[in-house]
Amino acid sequence: MSYITKSPWIIHYDGSSCNGCDIEVLACLTPLYDLERFGIVNTGNPKHADVFLITGGINEQSRAVVKNTYEQMPDPKVVVAIGICAATGGVFRECYNIMGGVDKVIPVDVYVPGCAARPESIIDGVVSALGILEEKRAKMAEKGGKKQ
Amino acid sequence: MGNQIVVPFGPQHPVLPEPIHLDLVLEDERVVEAVPTIGYVHRGLEKLVEKRDYKDYVLIAERICGICSFTHSVTYCNAIERIMGIEVPARAQFIRTIWMEYSRMHSHLLWLGLTADAMGFENLFMNAWRLREEILDDMEATTGGRVIQGSCKVGGIRRDISDDKLGEMVDHLKKIRPLLEESNRIFTHDQTVRHRMRGLGVLSKEDAWDLGAVGPTARGSGCDMDVRSSGYSAYGELGFKPVVFTHGDCLDRCLVRSEEVLAAVDLVERAVAKMPDGPIEEKVKGNPDGEYFAFSEQPRGECMHYIKANGKKNIVRHRVRTPTLTNIPPLVKMLEGIEMADVPVVVLTIDPCIGCAER
Amino acid sequence: MIEQKHTITEIAVTDLLKKTGECHEKGHRLVQIGCTPLGDCYEINYTFTTSWDFESLRITVNDGDKIPSISGIYWGAFIYENEIHDLFGLTVTDINVDFQGHLIETRIPSPFKNAPPVTKVKKGGDA
Ligand code: SF4
C-alpha cells in the first residue's frame, strides 16, 4: 500500500462475539490507537462503507443480517474477520448455534488472529485490507475502461 | 391521536455496538410500546459443559462476555469452590477483588464513553476511552490480557502480582484519579448533559424492585442492592459501601457509574494496603458433586451462576442469569412514553451487554 | 462474609401461582427462573429474595406438561418464561408478552430439550 486515494469508511458488526473483540475494535478508533489517522471513519450505514469489520462467529439469526449488510455495501469492498471466532468459530465452534466462521456466509479478505484480537493486530489487519481495497479498485477501473 | 406505526430499531444500528432489536410502536413521535427481540448473539455456550471438563470450562465462562470477563470467571469458580468445599487462600481472594474492580473501572469508563457518544458528545467519548486505556495498561501488565484475562482458575488464580507492582498500580491510580474526577464533573455539572438526561426514562423505586432491575439501573432508582455488600471474595474486609442515587432517571444511572469508578479506585487502594501474604492457589482434587447458586456484582449488576454437578468431570448444568437479561423488563417499561429520539440514550443507560444476555 | 442462605422448597406445579403470590406479598423480588434438564424430567427453579436470603421454589415437570405463567404476578417474568419455551421446548401458558418462540431463535429447535448425554452415555466414564 503506497497511498490511498480515498478515505476509507468502515462499518462494524458483531456477529455473535463475546464482546471482547468488539470493544477492541472500538478501542482502535479512540485516541491511543487512533485508526482515524489513516483517514478512516466509522459509519453506521453500510451504503457508505468500504471496509466491513466483523467480529464473532455466525449464528442462525445474524446470518441474514451479515449477508444483508454485505450486499448493501458498494463495490469495491473488503471484509476483515476479527478474532478467532470470526475465523473459525473459536471456543464456541462446538456450540449448537454457531455455524462457524464468517467465511461460511460472505467472502473474507483478511483474518485477524487473537482471542481477543489486540488493537495492534486489528490495525495491521485493517491496513492490509486497505491495500486489497486499492487493488480491487484498480481492477474495477481496468474493467470499466475496457468496456467503454 | 396520531396513527400508530411500528419502527424497527436495530440490530445493526449506529449507536449500538451490539445487536439488539426493538420493535417500537410509535404514536406520532412517542413510543407506546417496545418489544425486544434478542438472539443475534446466542451461541448456546451453556451446553458446552458437556464437552469441556469443569476446570477447562472456566475459560468458556470467561468468554460469556468480553467486558465482565473476569467477574464471570470468578463467579463460576466461586460456585465450583463452594460445591467442592475449597477454601481459596486470602491472597488469591484479594487479587481477584483487585482485578474485579479494574474490570469495573474499565467497563464503566467504556460505558460512560458510549453514552457520551449517543448524546453526540464526541469529545467526552474520546476522553473516557483514553482514561480506560490507562486502566487496561495495568490490567495487561498483571494478567497478560486486555479484555480476556484467563487469570482465574478453580481454587485460586494463575498469576501473582508482586508487591512492587501493587505499589506501582496504586501510584498510577493516584495519578489518574484527578482525571477521572474531572470527567465525572462533566456529568455532574455540564448543562447539556444534565438537560439531555435529567427526568428522562424514569424508573421508580417500586418498579425497579418489582421488575427485577439490578446493578446501577436499580441503584440509580434508590434501591440499595449490591452483592458486594454481602462481602464475597475480599469485599467483606474492605469496608464496602454501595453508591445509591434516587431520581431513577438517566442522569442518576450515569452518576452511579461515574461515582463507582472512584469507589473502585478506593477499593483497590484499600485492598493493596491490606494485601495478605501467602499462596495464591489451593490444590483441587476430585470432581464437584452438588448444586450451588453463586452471586456476584458485575459492572452491570447482580449476576448468578447456577451449577449442578453429579460427581463427574463434566457438570450437568450451568445456568447463567446475567444482569442485562433481568434489566430488559425495566427497560421496556422505561421506553414507554418517551420520544423516539431519546430511545438510544435510554437503551444505553441500562448498559446493555447483549453478549451476556444471550450467552 | 455474610453467608448467603438459600432455601429450596419443592412444590407441586399446581401450587406455583399461590406460592409465588405469597412471595410477592412478602415483598420479594424475582431473581431468576432457571430450568435444568435431568434426563427424564425438568427441574425449574424460581428464585426470590429480599436481601441475602434466597428462596427457591422448585417444580418438576415432564415434556408436554403445561406450566402456568407467573408473569401476571411478576411482570418481568416473561423474559425467562419465553427463554424456557425457546430453549427447552416446554409450554408456558398465558405469558403476558408472548414471543411465540421468537425470543431466541436457534438452529436446532429447543436445544436443551433432551437430557445432557453425559448423564446417560458416559456412565462410569469418570476420569
Ligand atoms: S475471539 Fe475471543 S475475544 Fe474475540 S469474540 Fe471470540 S471469544 Fe471473544
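Only the coordinates and a few stated rules stand behind these numbers; no lab work does. Values in this document were obtained by computation on a predicted structure and should not be read as measured data. Note that each Cβ is placed from the backbone with ideal geometry, even for glycine, and that neighbours are counted across all protein chains shown.
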| query | Placing +1 at every Lys and Arg Cβ and -1 at every Asp and Glu Cβ, with all other atoms neutral, what dipole size does chain A have around its Cα centre, in debye to the nearest 20? | reply | 620
| task | Find the relative contact order for segment C:5-108 and round it to a whole percent, using C-alpha pairs within less than 8 Å whose residues are 6+ positions apart. | result | 25
| remark: From the Cα centre of segment A:25-68 to that of segment B:69-132, the distance in Å is 25
| Antiparallel DSSP beta bridges within the protein assembly as shown, percent to nearest 5 | 70
| field | Cα point-scatterer Debye curve for segment C:5-108, base-10 log of I(q)/I(0) at q = 0.17 Å⁻¹ | value | -0.75
| note | Amide H contacts under 5 Å for C:Ile67, restricted to residues at least 5 apart in sequence or on another chain and with H modeled in the peptide plane, are C:Thr91, C:Val92, C:Thr93
| task | Would you grab the residues whose amide H sits under 5 Å from the one on B:Cys353? Only those 5+ places off in sequence or on another chain, please, with H modelled 1.01 Å from N. | result | B:Thr324
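Which value, in Å to one decimal place, does the Kirkwood hydrodynamic radius take for segment B:230-359 when every pair of different Cα atoms is included?
Kirkwood hydrodynamic radius for segment B:230-359: 17.9 Å.
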| request: Only Cα pairs under 8 Å and at least 6 apart count here; give the relative contact order of chain B as a rounded whole percent. | output: 25
| field | Most mobile listed residue (B:Ile186, B:Ile83, B:Ile157) in chain B, GNM with C-alpha springs under 10 Å | value | B:Ile186
| note | For peptide A:39-49, the mean count of other chain Cβ atoms within 10 Å per residue Cβ is 1
| said: Below 8 Å between Cα atoms, with a sequence gap of 6+, how large is the relative contact order for segment A:1-138 in percent? | reply: 28
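By the gyration tensor of its Cα atoms, with a ≥ b ≥ c the square roots of the eigenvalues, what is the shape of segment B:35-77: rounded for a/c under 1.5, prolate for a/b over b/c, or oblate?
oblate
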| With 10 Å bins from 0: P(r) over segment B:53-93, alpha-carbon pairs, percent | 29, 53, 18
| message | Tell me which of C:Tyr46, C:Val31, C:Gly64 sits at the most positive position along the dipole axis of segment C:5-108, charges placed on C-beta atoms (Lys, Arg +1; Asp, Glu -1). | response | C:Val31
| said: Let me test this: with uniform point scatterers at the alpha carbons of segment B:28-130, what is the Debye-based log₁₀ I(q)/I(0) at q = 0.11, 0.17 1/Å? | reply: -0.55, -0.97
| message | How large is the translational diffusion coefficient of segment A:1-92 in µm² per second when you combine the Kirkwood radius over alpha carbon pairs with Stokes-Einstein at 4 °C and 1.567 mPa s? | response | 95
| Taking each residue of B:307-314 in turn, how many C-beta atoms of other protein chains fall within 10 Å of its C-beta, and what is the average? | 4
| remark: Partner shielding of C:69-78, as the mean number of partner chain Cβ atoms within 10 Å, equals 3
| field | CD proxy at 222 nm, helix term only [per DSSP H run n ≥ 4: -39500 (n - 2.57); per residue of chain A; nearest 500] | value | -12000 deg cm²/dmol
| said: Sorting check: for B:325-336, A:30-41, which peptide has the highest mean count of neighbouring beta carbons within 10 Å, and how do the rest follow? | reply: B:325-336, A:30-41
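Work out how much length C:Asp15 to C:Asn96 would gain on full extension: take 0.36 nm times their residue separation and subtract the Cα-Cα distance, in nm to one decimal.
Value of the extension gain: 27.2 nm.
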| request: Can you give me the P(r) profile for segment B:293-359? Cα pairs, bins 5 angstrom wide beginning at 0, each as a whole percent. | output: 4, 15, 22, 18, 14, 11, 7, 5, 3, 2, 1
| remark: The ³J(HN,Hα) series, computed from each phi in segment C:65-72 with the Karplus coefficients 6.51, -1.76 and 1.60 at θ = phi - 60°, rounded to the nearest Hz and given as x for glycine or proline, is 5, 9, 9, x, 7, 9, 5, x
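What helices does chain B hold that run 27 Å or longer along their axis, going by alpha-carbon atoms, with a Kyte-Doolittle average of -1.0 or more, using DSSP H for the helix calls?
Result, helices passing both filters: B:90-119, B:122-143, B:163-189, B:250-274.
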| said: Report the Cα-based extents of the protein assembly as shown along its three principal axes, largest first, to the nearest Å. | reply: 79, 59, 59
| DSSP beta bridges in chain A, what fraction antiparallel, as a percent rounded to 5? | 10
| query | In deg cm²/dmol and to the nearest 500, what is the mean residue ellipticity at 222 nm of chain B if only DSSP H runs of at least 4 residues count, each as -39500 (n - 2.57), divided by the residue total? | reply | -15500 deg cm²/dmol
| field | Mean-position separation - Cα centroids, segment A:74-125 and segment C:1-60, in angstrom | value | 41
| task | With no solvent and one equal point scatterer per Cα, compute the Debye intensity ratio I(q)/I(0) for segment B:42-358 at 0.09, 0.10, 0.11, 0.15 Å⁻¹ and report its log10, rounded to two decimals. | result | -0.44, -0.55, -0.66, -1.20
